[in-house]
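Taken together, the values in this text are just the output of simple stated rules run on the coordinates, not laboratory data. Here the structure is a predicted model, which means the values were calculated and not measured. As a convention, Cβ positions derive from the backbone with ideal geometry for all residues, glycine included, and neighbour counts pool all protein chains shown.
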Amino acid sequence: MTTSERYAQHVLPTYGRFSLVPVRGAGVRLWDDAGKCYLDFCMGIAVCSLGHCHPKLVAAVRHQAGELMHVSNLYQNPLQAELAQEINEHHVRIPGKVFFSNSGAEANDGLIKAARRFGLKRPQPDGSQRFEVITFLQSFHGRTLGALAATGQAKIQEGFDPLLPGFRHLPFNNIEALENSIRPETVAILLEPIQGEGGVNCATPEFLRAVAEVCRKHDLLLFFDEVQAGFGRCGDAMSWRRIAEEIEPDGISWAKGMGGGVPIGSFWLSDRAVSDDGTTLSSLLGVGSHGSTYGGNPLVCAASLAVLIEIRERDLAANSLRQESRIRETVRLWNLPVITEVRGQGLLLGIALNPELIPTPEGKTPALVVVNQLMERGLIVPPAGPNTFRLLPPLNVTDAEIDEALETIHAVLCEFH
């Protein structure tokens, strides 16, 4: 029985899977079950920050697996405390506290719960709880019922009514719509500084500053979803700093690249005071208010520490910036009509395509047509919406690997010239 046959018989069909069957990886290379080698610029969708099977990550996992893999969060896990310190002191660099989950959707659910606790502490003028979280069209915050309701894409929500109430989705980068949208029940704004799944759309500096000002004016919490963009991928430890570095959010969610392939997510809440008695935002989720059986266990914390320390000590965010510049300049020199623009920052880049120049079979999108042709040529990239594909190589990708990928992209896209 083939892998595809086993999937058809035993696995829920929740993904539109490609036929590729990866079996081994090393660095930026991936091999399938037939022995074909690929250049992987998907990296588990921005997960494998250091590439496949990085020696330091492998060593950390092997060592910890022989010491202690799991212990209940009823007890104190020193690696969890050390990882939280690493995140606070070297990546966020704002006083706050971290909760560890298993995924980005769970992390965003935690932010939503924190917003509701804040809305209870700081209610509406009539004393009723504030609860509404504003998010944006084309956003993606996950597939749990809470994160699904926060996501601003109807196709993701289809068939799951009734959605969790308490969310509104506004146009992204529209300051006027934002300023006119606040209601008495509104308590927080949640946004991706760079929308990944929605097409690699960057918040403008003016919009991000307007969001921060609206939050100050109306006593709202400002939450950034950095699940795909965080920890060096966009040229800074936190992607919002590439856009408006002076802003200080109240909460941040992460996952994907923070574990390098090991399943870990987290969210951070600021230590800022939210009442005259000195109560901090980070204290509103107290004992019994939130939990996760596996979240932040010793194995995943050891892995994440190895990844984040390597990113920081080797300044891989700087490599992301340098490679972004090289990619943009090369694509500009191509001057191909099939490319309408390059969006994003660092090594979260979207190549936007002109759909009129790409013959598209029924049931396919222009992005999928290009992604499949690139895979046939040995380059793996993921789509981002119907007309965009993403470049998500590891943060330690080399000049030669970038050049190899660009040569393949150029060869495929020239066929649509």
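Measuring nothing but how far apart in sequence close Cα pairs (under 8 Å, 6+ apart) lie, relative to its length, region 103-167 scores a relative contact order of 29 percent.
Would you mind telling me the antiparallel percentage of the DSSP bridges in region 58-313, rounded to 5? Walk me through the intermediate numbers first.
On the way: 13 of 29 bridges.
Percent antiparallel among DSSP bridges in region 58-313 is about 45.
Estimated at 0.36 nm per residue, the fully extended path between Asp33 and Glu356 surpasses their Cα-Cα distance by 112.7 nm. Karplus-based coupling profile of region 158-163, in residue order and whole Hz: 4, x, 10, 5, x, 6, with θ = phi - 60° in 6.51 cos²θ - 1.76 cosθ + 1.60 and x standing for Gly or Pro. The convex hull around the C-alpha trace of the chain, projected and averaged over every direction, spans 21.7 square nanometres. Close amide H contacts of Ala384 (hydrogens built in the peptide plane, cut-off under 5 Å, sequence separation of 5 or more or a different chain): Phe389, Arg390.
With +1 on the Cβ of every Lys and Arg and -1 on the Cβ of every Asp and Glu, and nothing else charged, how large is the dipole of region 263-417 about its Cα centre, in debye rounded to the nearest 20? Mind dumping the intermediate values first?
Working: 11 positive and 18 negative charges, 21 e Å.
Rounded to the nearest 20 debye, it is 100 debye.
Karplus-derived 3J(HN,Hα) values for region 329-344, using 6.51 cos²θ - 1.76 cosθ + 1.60 with θ = phi - 60°, are 5, 5, 5, 4, 5, 4, 6, 8, x, 6, 9, 8, 5, 10, 10, x Hz; glycine and proline are entered as x. Computed log10 I(q)/I(0) for region 90-202 at 0.13, 0.19, 0.21, 0.23 Å⁻¹: -0.53, -1.11, -1.28, -1.39, from the Debye equation with unit scatterers placed on every C-alpha and solvent omitted. The value of relative contact order for region 228-338, using C-alpha pairs under 8 Å at least six residues apart, is 28 percent. Note on region 296-381: Kirkwood hydrodynamic radius from all Cα pairs is 15.8 Å, rounded to one decimal.
Working out 0.36 nm times the residue gap between Ala65 and Leu333, then minus their Cα-Cα distance, what length gain in nm do you get to one decimal?
Values: separation 268, 0.36 × 268 = 96.48 nm, distance 4.87 nm.
Between Ala65 and Leu333, full extension yields 91.6 nm more.
Would you calculate the separation in nanometres between label points at Ile45 and Glu158, each defined as 7 Å from the Cα along the Cα-to-beta-carbon direction? For the pair Ile45/Glu158, the computed spacing is 1.7 nm. Computed over region 1-148, the range of Cα coordinates on each principal axis works out to 66, 37, 28 Å, biggest value leading.
Ignoring lysines fewer than eight residues from Lys155 along the same chain, the ones with Cα atoms less than 17 angstrom from its Cα are Lys364.
Taken about its Cα centre, region 58-313 carries a charge dipole of about 300 debye when Lys and Arg each add +1 at the Cβ and Asp and Glu each add -1 at the Cβ. Shown in residue order for region 2-16 are the 3J(HN,Hα) couplings computed by the Karplus curve 6.51 cos²θ - 1.76 cosθ + 1.60 at θ = phi - 60°: 7, 4, 4, 5, 5, 4, 4, 8, 10, 10, 4, x, 8, 10, x Hz (x for Gly and Pro).
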